[in-house]
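Enquirer: Here it is, the structure in full.
The values are calculated or read from the model by the stated rules, or taken from the named source; none is laboratory data. All values derive from a computational prediction rather than experimental measurement. Cβ placement follows ideal geometry from the backbone for every residue including glycine, while neighbour counts extend to all protein chains displayed. Each accessible area value is taken on the protein alone, full model and side chains, heavy atoms only, with ligands, DNA and RNA left out. Shrake-Rupley method; radii C 1.70, N 1.55, O 1.52, S 1.80 Å.
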Amino acid sequence: MNSNVTRVVQMEQNSVRKSSILKRALLAVLATAFSLALCGLMIEGMARTVFDNGMDFDLEMWKYARDLKRVSAEPAIGHEHIPNSSGVFMGVPVGINSIGLRNREIGLFAAGTTRVMMLGDSLTFGWGVKEEDTPSRLLETVLNGGSQGAPKYEVINTGVGNYNTQMEVTYFMTKGIELKPDVVVLNYFINDAEPTPRRHEVGWGEYSQAYVVLASAVDKISRIFLGRADWKAYYRGLYEDDQPGWTEGQDAMRRLISFCREHGIKLVLVNYPELHEVKQYPFPEVTGAVEKIAESEGVPFLDLRPSVEDLVPETLWVSPSDAHPNRIANERFAAAIAGTLERSYPDLFAGAGSVAKVQP
């Protein structure tokens, strides 16, 4: 009887000890989780205050994607602007109209007006500049000779950040064509040979500003100290023979050319320079490859680098750390595009912009 009582007592004591150990372990886990959460909140708070001055390229692009973009119902387009959305990025207000374009509202028909459609990515979109300083709006001003009256020429900005050539061409063939442009300008940049990005609306990158700051820092450190390809090597790598992005980009250009011919739409292919080095340009082979496609298809081609090669590169950037073209660069680009349109299609653009002057 006494042995049975002893065993019962020992079992109860063991149970109490196990319960105590579990409680201590649970408290330790909860304390650790609380500390990590608090640390995470502090880091997130620092990322949103200390590191966010409204001019950091990576953070501003993240905000733009978060606030103004959505996944497109068309997989080949990838993502698109949210209609009637707006925000401030790189210190500049951005407004998206009812059909998802950074443009004033557009009617389906424009009687008595020659309609030019600009296809492109963040350069065409006008990243870091006001709407009136985008290539499209400046081109419209040039073509209309600075006139404040009823415009003879209308330029539509369909640029979306992070688009590549495949996405731009798909957008035009499925949606842009509905606006019935007379002329299409395909604006090409060196990173348009990247594969189509896929946005996933889950994960830390969708919500955490600290994650963006950390990922940006890791990327910079890996390029400086860990041997990851620098920007020149990265861009050249996009055009190697085994890279699908460039192959798909060429196919997309040719699809656009055929589509425009079938629909009686005039086309110009424009190459934008990478603005870090414009005098001794490091990528002439890329420009040449794009020009070769245009020449083989009989499409007018314009290389915009000569229009800015006399200027110091940093004077063309939207900020010291962001080499997207500013108003100075876009003015030069708009004038060069207007000249090419007039020379290539004089039946539509004869005398266009002959007295144009873009006001500073």
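Enquirer: Expected output is a single nm value to one decimal: the length gained when fully extending between V312 and A111, i.e. 0.36 nm times separation in residues minus the C-alpha distance. What is it?
Expert: 68.1 nm
Enquirer: What's the carbon and sulfur percent of region 238-360's accessible surface, probe 1.4 angstrom, rounded to a whole number?
Expert: 51
Enquirer: Report the extension gain between S258 and S321 in nm, rounded to one decimal, defined as 0.36 nm multiplied by the number of residues separating them, less their alpha carbon distance.
Expert: 18.8 nm
Enquirer: With +1 on each Lys and Arg Cβ and -1 on each Asp and Glu Cβ, and nothing else charged, work out how big the dipole of region 54-147 is about its Cα centre, in Debye to the nearest 20.
Expert: 200
Enquirer: Could you pull out the pairs from K266/K292; K63/K180; K152/K175; K130/K180; K130/K279 whose alpha carbons sit more than 29 Å apart here?
Expert: Going by Cα-Cα distance, K63/K180 fall outside the 29 Å limit.
Enquirer: A follow-up question, please. Can you give the FRET efficiency to the nearest 0.05 for E178 and E295, using r as the Cβ-Cβ distance and R₀ = 30 Å?
Expert: Once rounded, the FRET efficiency stands at 0.50.
Enquirer: Highest mean first, how do 75-86, 53-64 rank when packing is the count of other Cβ atoms within 10 Å averaged over residues?
Expert: Result, highest mean Cβ count within 10 Å first: 53-64, 75-86.
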